[in-house]
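Worksheet: the structure to be examined is printed underneath.
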Amino acid sequence: MAIQPIRLFGDPVLRKRATEVVDFDRELRQLVSDLTDTMLDAPGAGLAAPQIGVGLRVFTWYVDGEIGHLVNPTLELSEEEQLDLEGCLSLPELTFECRRALSVVARGFDMHGEPVTINGSELLARAIQHETDHLDGVLFIDRLDEAARKAAMREIRESEWFGLEKPTVKVSPHPTGPFGI
């Protein structure tokens, strides 16, 4: 069990696109374990690798008693939408109504490199979309309308945690693609 510190809003790792996983090795399995332990300890409905300072396209979720993970996700979103409260472990105690697709088909891999397809709706769909956004450097507050985003930023600036010393970004030991992607 290795609970890791969760990076907070303002840490640059949260705004960078994470790198595709190319090595399905022991290190990746340890990352999935660390993500799961940290998510459950927080507690949260999901946690993406950048939130613990690792720039790889991996996330975990815990929804309706089910724990899962996905590596290198791609999403197909429904046209039907849902509007519900959303929060984020990297933005403690902040919740706002956020619009998301009602259902999602997520494809990717498990930690062993086996193909996986996840069909989710409502909270699971929201968690998968939220965590995949993290892998693209997008935070849920970016999806709010202008008035709500301004209110969120005001709450962030007034929070006790904002502006605390930020940890350094961990560079992935995995090679990147030919164009640094």
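Per-structure values
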| quantity | calculated |
| --- | --- |
| Span from the segment 2-35 Cα centroid across to the segment 73-151 one, whole angstrom | 17 Å |
| Largest to smallest principal axis extent of the C-alpha atoms in segment 1-96, angstrom | 38, 30, 29 |
| Virtual paramagnetic centre 7 Å along Cα→Cβ of Glu76, amide N under 14 Å, in segment 110-145 | 116-120 |
| Spacing of the two label points (7 Å from each Cα toward its C-beta) at Ala2 and Gln30, in nm | 0.4 nm |
| Within the accessible area of the chain (1.4 Å probe), percent carbon and sulfur | 50 percent |
| Mean Cβ count within 10 Å, highest first, over the residues of peptides 114-124, 75-85, 8-18 | 8-18, 114-124, 75-85 |
| Most fluctuating residue given options Ile128, Ile52, Ile67, as computed from a GNM of the chain linking Cα atoms under 10 Å | Ile67 |
| Kirkwood Rh in Å, taken over the chain so that all alpha-carbon pairs contribute | 16.6 Å |
| GNM flexibility winner over the chain from Ala42, Ala147, Ala101 (Cα, springs under 10 Å) | Ala147 |
| Share, in percent, of DSSP beta bridges within the chain that are antiparallel, nearest 5 | 95 percent |
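The values are calculated or read from the model by the stated rules, or taken from the named source; none is laboratory data. All values derive from a computational prediction rather than experimental measurement. Cβ: placed from backbone, ideal geometry, glycine included. Neighbour counts: every protein chain shown. Side chains are part of the model used for accessible areas, which takes the heavy atoms of the whole protein and leaves out ligands, DNA and RNA. Shrake-Rupley method; radii C 1.70, N 1.55, O 1.52, S 1.80 Å.
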